[in-house]
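Enquirer: Here it is: the structure, laid out below.
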Amino acid sequence: QVQLVESGGGLVQAGGSLRLSCAASGSIFSRNAMGWYRQAPGKQRELVATIATGGSTNYADSVKGRFTISGDNAKNTVYLQMNSLKPEDTAVYYCYARFNFRAYWGQGTQVTVSS
């Protein structure tokens, strides 16, 4: 079994920054990708950013130029640096990982951006 533990959420003013971290533990023998999704109240969960094991990244258009995803394969950890935050970035952010040909999700961390 694989567990994902997120940290780094919180309350920040518009224009501020936050850094999310997600560490995976457990039996990992195949590593494909890690990333972040978010879900705002009343909305569907949406992709924020992903990073493949080889380093290629993918971002939602709404966060390009403001968010940066990075990872440490040796530590099975992924980070999301969020700059120039906007109130519309307010959501629960979920860590995602594709390990062992399965998808895993973290418990979510709240990010609230005040105007």
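Enquirer: By a straight-distance test (C-alpha under 12 Å), which aspartates and glutamates pair with residue 64 as possible cross-link partners, with residues fewer than eight away in the same chain excluded?
Expert: none
Enquirer: Which value in nm describes the separation of the simple spin-label points at residue 74 and residue 53, placed 7 Å from the Cα toward the beta carbon?
Expert: Going by the 7 Å Cα→Cβ label model, 1.7 nm.
Enquirer: Turning to a different aspect of this structure: Report ³J(HN,Hα) in whole Hz for each residue of segment 9-22, in order, from the Karplus equation J = 6.51 cos²θ - 1.76 cosθ + 1.60 where θ = phi - 60°; Gly and Pro get x.
Expert: x, x, 10, 9, 7, 3, x, x, 10, 9, 10, 9, 10, 9
Enquirer: Per residue, how many Å² of accessible area does segment 1-61 show with a 1.4 Å probe?
Expert: 55 Å²
Enquirer: Kindly provide the chymotrypsin sites (Phe, Trp or Tyr not before Pro) of segment 3-43 that DSSP labels as loop, not H, G, I, E or B, and whose Cβ sees at most 14 other Cβ atoms within 10 Å.
Expert: Those that pass, being in a loop and sparsely packed, are 29.
Enquirer: Hey, what do the phi angles of segment 79-88 turn into as Karplus ³J(HN,Hα) couplings, whole Hz, using 6.51/-1.76/1.60 and θ = phi - 60°, x for Gly and Pro?
Expert: 3J(HN,Hα) across segment 79-88, in whole Hz: 10, 9, 8, 10, 10, 6, 5, 10, x, 6.
Enquirer: Points 7 angstrom from Cα along the Cβ direction at residue 25 and residue 64: gap in nanometres?
Expert: Taking the two extended label points, one gets 3.8 nm.
The values are calculated or read from the model by the stated rules, or taken from the named source; none is laboratory data. In this text the structure is predicted, and so the values were computed from the model without any measurement. Ideal geometry is used to build each Cβ from the backbone, glycine not excepted, and the neighbour counts take in all protein chains shown. Heads up: the accessible areas ignore ligands, DNA and RNA and are worked out on the full protein's heavy atoms, side chains in. Shrake-Rupley method; radii C 1.70, N 1.55, O 1.52, S 1.80 Å.
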